[in-house]
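As structure tokens, the structure follows; a few thoughts come after it.
The values are calculated or read from the model by the stated rules, or taken from the named source; none is laboratory data. Not measured: the values here are computed from a predicted model. Here Cβ is always computed from backbone atoms with ideal geometry, including for glycine, and neighbour counts include all displayed protein chains. Calculation scope for accessible area: heavy atoms of the full protein, side chains included, ligands and nucleic acids excluded. Shrake-Rupley method; radii C 1.70, N 1.55, O 1.52, S 1.80 Å.
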Amino acid sequence: MDRLPVEQMPTFRPGEPTRPARRRQRPAHQPPVRRLTLLYDAGCPLCTHLRDWLLRQPQLVTIDPVPAASQEARRRYPDLDHGSTLKEITVIGDSGQIYRGTAAWIVCLWALSAHRPKAYWLATPAGAPFARVTVLAASKYRELTAAPCDGACEVPPPSH
């Protein structure tokens, strides 16, 4: 499972409730995350529903949705494997941090004011299995409900 960077992980002590007592200090050389780009499959009803839900939530960190493998995504991230962004949720921090799969969902929750405590918990060893099962269930739901690709989900060649 992809993990959140150490500076975004909560610190817990044995016997404490599972909520962040205090966060580890971010190394001086690592800037805080102030903006996230969510690369989502614009042709997937589940993905667009979750994008809309995220955008309706009060945000502590701005989430900027961009369709995966789109011209805009290619312009912003020319070195990214755009084929993989259609297969697995990808979130990119404003300092170049890349989160995929379960870590991408956790960092999206971390960006929301009402869900940040849950994101911290999901990033712990106790919460990780729940995060993983949720992402696997969403993936299975998407597989069962999304229209078959028939080659339509392939990454289009970059236009010059």
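Restricting region 120-142 to residues that are among the basic types (Lys, Arg) and closer than 14 Å to residue 105 by Cβ, which is modelled with the highest pLDDT? Working first, answer last.
Start the filter on region 120-142 by keeping residues that are among the basic types (Lys, Arg), which leaves 132, 140, 142.
Imposing the further condition that a residue be closer than 14 Å to residue 105 by Cβ reduces the set to 132, 142.
Numbers: 132: 78, 142: 62.
Per the stated criteria, the residue is 132.
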Check: Looking at region 14-36, is at least one residue within 15 Å of the chain's Cα centre (by Cα), crowded, with 18+ Cβ neighbours inside 10 Å and at pLDDT 95 or above?
Finding: yes
Notebook entry, point to check: If you check every pair at least six apart or on different chains, which have Cβ atoms under 8 Å apart with a residue in region 60-71 that is among the polar types (S, T, N, Q) first and a residue that is in a strand (DSSP E or B) and open to solvent by less than 10 Å² (accessible area, probe 1.4 Å) second?
Noted result: 62/36
